[in-house]
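All remarks here apply to the structure that follows.
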Amino acid sequence: MYAFLIPLLMGFVFNSASAFTTFFSHRFGERRGRVICILLRDVLGIPLWALGYVMAARTASTLVFNPGVLTSTVSWVFILAGAAIIITGLVTLRWRAAAPSVTDTLVDQGVYAHIRHPLYTGMMLELTGLFLWLPTNSVLVACLLGIIWVMIQARLEETDLVKRLPEYREYMLKVPRFIPKINF
C-alpha cells in the first residue's frame, strides 16, 4: 500500500544533491561537481519523487474527507499559484536552477527579493493543492513528507549557499525563507 514511499524518499535523497554543491565541487572539481548535482538531482531525484507522487495518487486509499466543489476550486488555486511562483523563480534563476555551481552569483531580484526559496514555496502550495484535490491517506502522507523534506532541504541548501556565496548570510537576514513580509 505504501510502495510509493520508496521512489518518493529516494527522490528526496537524490534531489538533496544541490545542498552539497560545494562539497562535490571541492571534491571532484567545479565542472564534475556540477555534473554530479545535475545527475543526482535532475536526472534521478526529481523524476523519482514525481513518480512517488503519481504512485501515491494512484494508490487505493481511504479518503480523509469528501472533496466538494469549493475544495476542488481551492485546490486548483493552490496548484496554479504554486506553479506561477515556481515558473517565476525558474525564469529568474535561469541555468542556476538546473545546474548549481560554486561560481554562481547571488540572485536577489524579482521574486527572490521577497522570498529566499520561491521554488519550495511553490512546491508547498502545489502539495497542499494536491491533497485538497485528492484527499486520500496516501496522498496526505506523501504531501506531508514533501513539505517536511522542503523545509529540511531549504536549510541544507542555505548552509551550502553561505559557503558558496558569502553575501548570502546578509541576504538571509533581510529576506524571509518561504512567506513574504506583508507591510500594511
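So I152 fits all but one of (1) of a type in the set (V, I, T); (2) over 12 Å from the mean Cα position of the chain (by Cα); (3) surrounded by fewer than 18 Cβ atoms within 10 Å (Cβ to Cβ); what number is the exception?
(2)
Give the residues of the stretch 82-139 that are at positive phi and of a type outside the set (G, A, S), sorted by residue number. Give the steps one after another, and end with the answer.
Let us first name the residues in the stretch 82-139 that are at positive phi, namely 94, 110.
Selection gives R94 alone.
Of the residues L144, L173, which single one is surrounded by fewer than 12 Cβ atoms within 10 Å (Cβ to Cβ) and either modelled with pLDDT of 95 or more or within 14 Å of Y112 (Cα to Cα) (or both)? Give the steps one after another, and end with the answer.
Working: L144 fails: surrounded by fewer than 12 Cβ atoms within 10 Å (Cβ to Cβ).
Within the list L144, L173, the selection yields L173.
Among the residues of the stretch 161-184 satisfying the criterion of being of a type in the set (K, R) and part of a loop (DSSP other than H, G, I, E, B), which is farthest from R34 (Cα to Cα)?
Here is the first cut: in the stretch 161-184, the residues of a type in the set (K, R) are 163-164, 169, 174, 177, 181.
Filter once more, keeping what is part of a loop (DSSP other than H, G, I, E, B): 177, 181.
On the way: R177: 24, K181: 33 Å.
Checked the stretch 161-184; the qualifying residue farthest from R34 (Cα to Cα) is K181.
Test V102 against the criterion of being closer than 14 Å to S18 by Cβ, among the β-branched types (V, I, T) and touching a helix residue (DSSP H, G or I) at 6+ places or on another chain (Cβ under 8 Å), and give yes or no. Give the steps one after another, and end with the answer.
Working: closer than 14 Å to S18 by Cβ: yes; among the β-branched types (V, I, T): yes; touching a helix residue (DSSP H, G or I) at 6+ places or on another chain (Cβ under 8 Å): yes.
When the stated conditions are applied, V102 passes them.
What is the one condition in (1) at pLDDT 95 or above; (2) over 23 Å from V43 (Cβ atoms); (3) surrounded by fewer than 16 Cβ atoms within 10 Å (Cβ to Cβ); (4) of a type outside the set (V, I, T) that A83 does not satisfy?
It is condition (2) that A83 fails.
The values are calculated or read from the model by the stated rules, or taken from the named source; none is laboratory data. Remember, it's a predicted structure, so these values are computed and weren't measured experimentally. Note that each Cβ is placed from the backbone with ideal geometry, even for glycine, and that neighbours are counted across all protein chains shown.
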